Amino acid sequence: MSAAQASEVSIKCPQCGSDPFNNGHRLGKDGTQTQRFICPKCGLSFSESYNKVSMTIPKRHVGAKEAKNMADLTEIKTVTVDLKNLNGKLVDYHFKMKNQGYKDATVLLSQTCLRILMERGADLTNPETIKEVIAKQTWSSNRKRNVANAYSQFLKYLGLTWEAPICNVTRKLPFIPTTEEVNDLIAGCSPPVATFLLLLFETAMRSGEAIQLRWIDVDFERRLIYCNNPEKGSDARIFDNISGKLLSMLNTMSRKSELVFAGSTAYSLKATFTRSRKRLTFKLQNPRLNAIHFHTLRHFRATLEYHRTKDLLHVQQFLGHREVKNTMLYIQLDKQLFQNYAEDQFITRVAHNVGEACSFIESNFEYVTGEYNDGGKIFRKRK
């Protein structure tokens with residue numbers, strides 16, 4: 001076999017990359033033959049079997065330094081082959097994640113976590129190296145937990161287990177801007193981003209839910225918006241009393257696709273928003289604007305909704321939380337943010353019979369008192 005023939009089958013010398021020559025065959029114990037090659041440039045002898053390269057030291061005298069370099073080369077080549085096989089498993093693993101119904105964002109998070117672990121020297125087949133790499137990072141506890149969870153899922157795919165490192169996550173209170181700051185951001189962004197921000201503010205949808213909004217989900221006549229693509233296991237939701245401003249902004253959007261924000265992704269909108277936010281921060285000299293993210297608007301609206309209704313179950317349904325403990329955060333935020341506000345204002349109603357009382361209760365009114373001679377009972381609801 002000539003050098004040209006070897007080149008046609010893409011065989012290269014692992015040491016110098018030159019085209020090798022045929023050096024006979026080797027008969028295996030199972031009777032199979034393995035083609036052997038020798039490099040005319042560096043003298044390295046090697047063979048190819050099942051796409052796996054094994055190398056032998058050339059049959060010539062080499063110095064101690066050269067021998068060490070060859071040994072290092074052999075080790076590097078072995079690692080490369082293992083990594084190639086591992087990369088194949090990673091591709092197969094994430095492909096199966098998609099087939100099992102995981103969201104693209106979840107698959108992307110897993111890919112990112114595992115890639116970072118490998119880049120920082122971890123061996124995905126050795127859990128101890130994973131712990132060592134995670135321990136050395138300056139990541140937050142929440143990020144360390146996410147990386148550990150991503151690796152746990154991959155180990156489950158490999159049929160292995162490990163004892164995950166302890167990551168004590170402390171839930172921090174989210175930043176809550178003022179209404180004026182939110183309005184400044186919306187006014188300073190381009191029309192598509194401004195519409196997206198106002199949609200997040202009025203509905204408290206997650207950005208991934210809002211980007212999937214379809215025109216059929218917007219009822220302009222009844223001023224309703226449906227969330228029919230919920231994330232994180234939430235139920236579908238419906239939002240009423242949508243402002244005329246948001247409906248007007250939505251009505252100016254192009255309708256060439258069934259999606260309201262067609263041609264955009266949550267990442268592209270975020271990139272555009274980040275640039276606009278940076279510009280407005282400098283223009284208005286308000287560094288607090290830099291702390292506002294898409295999810296900040298969800299926290300902001302939820303806090304206002306609880307302050308308005310004082311109904312935790314209503315806020316839970318409004319946000320689509322699976323567990324009420326996640327909603328209890330807004331009780332604390334309400335107490336801290338509105339403790340210095342003036343006395344709350346209420347709408348009052350008087351019920352003179354059971355039917356009227358039931359109607360007020362169904363409209364989120366609360367009973368106050370009924371000790372009056374005319375038999376009327378007073379109900380109230382925050383404005």
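The values are calculated or read from the model by the stated rules, or taken from the named source; none is laboratory data. Values in this document were obtained by computation on a predicted structure and should not be read as measured data. For neighbour counting, all protein chains shown are included, and Cβ atoms are generated from backbone atoms with ideal geometry for every residue, glycine included.
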Open item on the list: MET249 - would you say it is in a helix (DSSP H, G or I), within 29 Å of ARG223 (Cβ to Cβ) and touching a helix residue (DSSP H, G or I) at 6+ places or on another chain (Cβ under 7 Å)?
Closed with: yes
Open item on the list: Condition first: acidic (Asp, Glu), outside any helix (DSSP H, G or I) and either at pLDDT 90 or above or out of contact with any strand residue (DSSP E or B) (no Cβ under 7 Å at 6 or more places or on another chain) (or both). Can you find one or more residues in the stretch 160-177 that meet it?
Closed with: yes
- [ ] Answer yes or no as to whether VAL147 is part of a helix (DSSP H, G or I) and more than 23 Å from LEU284 (Cα to Cα).
- [x] yes
Open item on the list: Step by step: first the residues of the stretch 102-123, then only those that are surrounded by 15 or more Cβ atoms within 10 Å (Cβ to Cβ) and over 28 Å from GLY208 (Cβ atoms), then the one that is nearest to the chain's Cα centre (by Cα). Which residue is that?
Closed with: ALA122
- [ ] Could you please tell me which pairs satisfy a Cβ distance under 9 Å, a separation of 6+ or placement on different chains, a first residue in the stretch 151-174 that is more than 20 Å from THR125 (Cα to Cα), and a second residue that is part of a loop (DSSP other than H, G, I, E, B) and polar (S, T, N, Q)?
- [x] VAL169/SER140
- [ ] Under 6 Å between Cβ atoms, at least 6 apart or on separate chains: pull out the pairs that start in the stretch 111-133 with a residue that is at negative phi and end on any residue that is of a type in the set (D, E, K, R).
- [x] THR129/ASP123; VAL133/ARG120
TODO: Output the residue which, of all residues in the stretch 228-273 that are among the β-branched types (Val, Ile, Thr) and surrounded by 12 or more Cβ atoms within 10 Å (Cβ to Cβ), is nearest to ILE186 (Cα to Cα).
DONE: THR272
Open item on the list: All but one of (1) modelled with pLDDT of 90 or more; (2) more than 24 Å from GLU231 (Cα to Cα); (3) among the small types (Gly, Ala, Ser) hold for SER152; state the number of the condition that does not hold.
Closed with: (2)
Open item on the list: Out of the helices (runs of 4 or more DSSP H) lying entirely within the stretch 270-379, which hold 3 or more residues that are within 18 Å of LEU200 (Cα to Cα), in contact with a helix residue (DSSP H, G or I) (Cβ under 7 Å, 6 or more places away or on another chain) and in contact (Cβ under 8 Å) with a residue 60 or more places away in the chain?
Closed with: 294-309
Task: From SER248, SER257, SER276, residue being more than 18 Å from CYS227 (Cβ to Cβ) and touching a Gly at 6+ places or on another chain (Cβ under 7 Å) - done: SER276
TODO: Considering only the stretch 120-144, state which residues are under 30 Å from LEU197 (Cα atoms) and in a loop (DSSP other than H, G, I, E, B).
DONE: TRP139, SER140
